[in-house]
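Q: Take this structure, written in structure tokens, and hold onto it; I'll ask about it next.
The values are calculated or read from the model by the stated rules, or taken from the named source; none is laboratory data. Nothing here was measured: the structure is a model prediction, and the numbers come from that model. Cβ placement follows ideal geometry from the backbone for every residue including glycine, while neighbour counts extend to all protein chains displayed.
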Amino acid sequence: MARYLALLRGVNVNGRTVRSADLAEAVAGIGVERVRTVLASGNAAFDSDRSVVELKPALEAALAERFGYDAWIVLVTQEALAAVAAAYPFPRTDDDAHPYVVFGSNERALDAAQAAIGEPDRAVELIGRGAGVLYWRCPRGSSTETPVAKVLARAAYRSSTTTRNLRTVEKLAVA
């Protein structure tokens, strides 16, 4: 049995509120075990013998039905998530910068995002590719305003990517 993390895109922002108890109930409704929500940013941990290929569409459909929106998730194993956190290639602590991980539901979306980003101004922000992710480091307070942020906010990536702060990723890795 594998431990999975469902990373929801676009919840608890722009007026779309999903309470943790409701999220846990919706996730449990697809027949998985040991469901737990983590933080209030749309993260659910659970155990299942089923594959990502089976779980992802079932979970997206259950969330869409329960909460009335087009639900998009990135689904990763806890083992893969821990490896992503450990491999973060940039400085982790800096009072002037934030470390982020951009998760993709498919490699094509990440490749396209990286191509659209190009080579950012390294004096401002850093971007790097990992297994199923883009690693990103940007100035504190500007995570919606930098050139990388503007590319990631495009509609083309809305259904296939979601971003988490590295501290959140580290918490999810032990959830």
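Q: What is the one condition in (1) more than 13 Å from the chain's Cα centre (by Cα); (2) closer than 21 Å to LYS171 by Cβ; (3) aromatic (Phe, Trp, Tyr) that PHE103 does not satisfy?
A: (1)
Q: Scan region 99-114 for residues that are surrounded by fewer than 19 Cβ atoms within 10 Å (Cβ to Cβ) and either farther than 23 Å from TRP72 by Cβ or polar (S, T, N, Q) (or both) and report the count.
A: 2
Q: Consider TYR135 carefully, then state whether it is at pLDDT 95 or above, within 19 Å of ARG9 (Cβ to Cβ) and either loosely packed, with under 15 Cβ neighbours inside 10 Å or touching a Cys at 6+ places or on another chain (Cβ under 9 Å) (or both).
A: no
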